[in-house]
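Trainee: Below are the structure tokens for one structure; questions will follow.
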Amino acid sequence: MSQRAALLGTITHDLISYESGLNFEGIGGVLYQAAVLCGLEKEVSLYTNLGAELVPQVKEIIESWSHLDQTGIQYVPGPGNRVELHYPEKGEREEVLKSVVPPLGTAQIVKELPGFGMLLLVLNSGFDIELKDWKKITDSASCPAWIDIHSLALAKKLQKPRGYVSLADWEAWVEGVDYLQANKQEVASMLGHPQRLPDEEEIARFGKRAMELGVKAVFMTLGQEGGIVMIPEGLEKIASSEAESVVDTTGCGDVFCGATAARLMEGKDPVTAACFGLELATKAVNLTGVEETYLLTLHHGRGTGS
């Protein structure tokens, strides 16, 4: 399999706050996946619309990422995709989307698809790409495709807290995809009951339906509890090691995505790949930001053969 990845998503400017009083600010979004994939020496072509006001910060971060092809970055006017994230002591994080960029187009992506070993769509904002355009891309792709549902399960609104909503069209997003990533809350949205987390039977039924749509593996992340990998042969739980310390959990699912996809590109099976992804994500909670994530991957990820 080619070691080149096409990565689609949105670069965000994050204002992060915790109930404890800790606050962080920086560039995030799809750059977390890019940081991990580049740190693992995969060639990455990034396709994103980037607000003009964020360009200097982003350029400073990615200028040393030699494995990143920036020609798919389209510069658009305005403040870019800006989001406020608050982590309460318990429960899901609260998100307020302050501004967004236009959704991705397809022409350049479809033209450049041949030669990629993996296609990844990360729905950082829920405004990232229109369904019809995503279908054009997957219909044209000959390589495995990965989708992280993420913010697609949130109410599509600005300036107000975004609650989870039923995701009635999830099957259309997933059809033609090989790998599906979601957390337990996002699975609840796809099952049509976002106010109630799914039980084990519902999770198994969800995985079965995904397989019927052609998905080869569903990766359900469970935070500190680890994760679940669902494949046609069955369901396997994977446990995470205890983190040395927790500084910032933002981007941990993104680190899991990038690391797991990298191992899949190397020919690892989904469970082995997910174990590596979970290992790296657990280490990522000890730090904050995409720059530190890149350095973590360089120093740890390349030397890990699991």
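Just so you know, all these numbers are worked out from the coordinates, no wet-lab data involved. For clarity, every value in this text was computed on a predicted model and none was experimentally measured. Virtual Cβ from ideal backbone geometry, glycine too; neighbours counted across all protein chains shown.
Trainee: Kindly flag which residue pairs out of Lys42/Lys136; Lys98/Lys157; Lys111/Lys135; Lys111/Lys132; Lys42/Lys268; Lys98/Lys156 have an alpha-carbon separation exceeding 21 Å in this structure.
Mentor: From Lys42/Lys136; Lys98/Lys157; Lys111/Lys135; Lys111/Lys132; Lys42/Lys268; Lys98/Lys156, over 21 Å: Lys42/Lys136.
Trainee: Express in nm, to one decimal, how much length is gained between Arg196 and Glu233 on full extension, taking 0.36 nm for each residue of separation and deducting their alpha carbon distance.
Mentor: Taking Arg196 through Glu233 to full extension adds about 10.6 nm, to one decimal.
Trainee: Only bridges whose two residues both fall in the stretch 131-227 count here: according to DSSP, what percent of them are antiparallel, nearest 5? It would help to have the intermediate numbers written out before the result.
Mentor: On the way: 2 of 10 bridges.
Beta bridges within the stretch 131-227, antiparallel portion: roughly 20 percent.
Trainee: Rounded if a/c is under 1.5, else prolate if a/b beats b/c, else oblate: with a ≥ b ≥ c from the C-alpha gyration tensor eigenvalues square-rooted, which is the stretch 134-254?
Mentor: Judged from the Cα gyration tensor, the stretch 134-254 comes out rounded (a/c under 1.5).
Trainee: Under a Cβ-Cβ cut-off of 12 Å, what is the net charge of the residues other than Ile238 that fall near it, where Lys and Arg count +1 and Asp and Glu count -1?
Mentor: Within the 12 Å Cβ shell, the charges total -2.
Trainee: Defining a contact as two alpha carbons under 8 Å apart and six or more residues distant in sequence, what relative contact order in percent does the chain show?
Mentor: Relative contact order comes out at 18 percent.
Trainee: When every alpha-carbon pair in the chain is counted, what percent end up more than 30 Å apart?
Mentor: Tail of P(r) above 30 Å: 24 percent of Cα pairs.
Trainee: Roughly how many debye, to the nearest 20, is the charge dipole of the chain about its Cα centre, given +1 on each Lys and Arg Cβ, -1 on each Asp and Glu Cβ, and no other charges? Could the numbers behind the result be given before it?
Mentor: Values: 26 positive and 42 negative charges, 121 e Å.
In total the dipole reaches around 580 debye.
Trainee: Given the Cα-Cα distance of Gln70 and Ser2 and 0.36 nm per residue of separation, how much length would full extension add, in nm?
Mentor: 22.6 nm
Trainee: Explain nothing, just compute: Karplus ³J(HN,Hα) = 6.51 cos²θ - 1.76 cosθ + 1.60, θ = phi - 60°, for every residue of the stretch 151-161 in order, whole Hz, x for Gly and Pro.
Mentor: Using θ = phi - 60°, the values come out as 6, 4, 7, 9, 4, 8, 8, 10, 6, 9, x Hz.
Trainee: Just to be sure I understand: of the beta bridges DSSP finds with both ends in the chain, what percent are antiparallel, rounded to 5?
Mentor: Counting only bridges with both partners in the chain, antiparallel ones make up about 40 percent.
Trainee: What FRET efficiency do you get for Lys216 and Ala52 if R0 is 41 Å and r is their Cβ-Cβ distance, rounded to the nearest 0.05?
Mentor: Details: r = 39 Å, r/R0 = 0.96.
After rounding to 0.05, the efficiency reads 0.55.
Trainee: From the phi angles alone, apply the Karplus equation (6.51, -1.76, 1.60; θ = phi - 60°) to the stretch 21-36 and give each ³J(HN,Hα) in whole Hz, x where the residue is Gly or Pro.
Mentor: x, 5, 9, 9, 9, x, 8, x, x, 5, 5, 5, 4, 4, 4, 5
Trainee: Along the charge dipole of the chain, Cβ charges K/R +1 and D/E -1, which of Gln3, Ile129, Met265 sits furthest on the positive end?
Mentor: Result: Ile129, furthest along the dipole toward the positive end.
Trainee: Could you derive backbone 3J(HN,Hα) for the stretch 108-113 from the dihedral phi with the Karplus parameters 6.51, -1.76 and 1.60 (θ = phi - 60°), listing whole Hz in sequence and x where the residue is Gly or Pro?
Mentor: So the Karplus estimates, Gly and Pro as x, are 5, 4, 4, 4, 9, 4 Hz.
Trainee: Taking +1 at the Cβ of each Lys and Arg and -1 at the Cβ of each Asp and Glu, which of Val110, Gly227, Ala281 sits farthest along the dipole of the chain towards its positive end, judged by Cα position relative to the Cα centre?
Mentor: Comparing the listed Cα positions along the dipole, Val110 ranks first.
Trainee: Does the stretch 21-178 come out rounded, prolate or oblate, given a ≥ b ≥ c as the square roots of the eigenvalues of its C-alpha gyration tensor, rounded meaning a/c under 1.5 and, failing that, prolate meaning a/b above b/c?
Mentor: Note, shape of the stretch 21-178 comes out oblate.
Trainee: Using 0.36 nm times the number of residues separating Ser166 and Asp139, minus their current alpha carbon distance, what extension gain do you get?
Mentor: Here the segment from Ser166 to Asp139 would lengthen by 7.2 nm.
Trainee: Same structure again: Within the stretch 174-306, what percent of beta bridges assigned by DSSP are antiparallel, to the nearest 5?
Mentor: Expressed as a percentage, antiparallel bridges in the stretch 174-306 total about 65.
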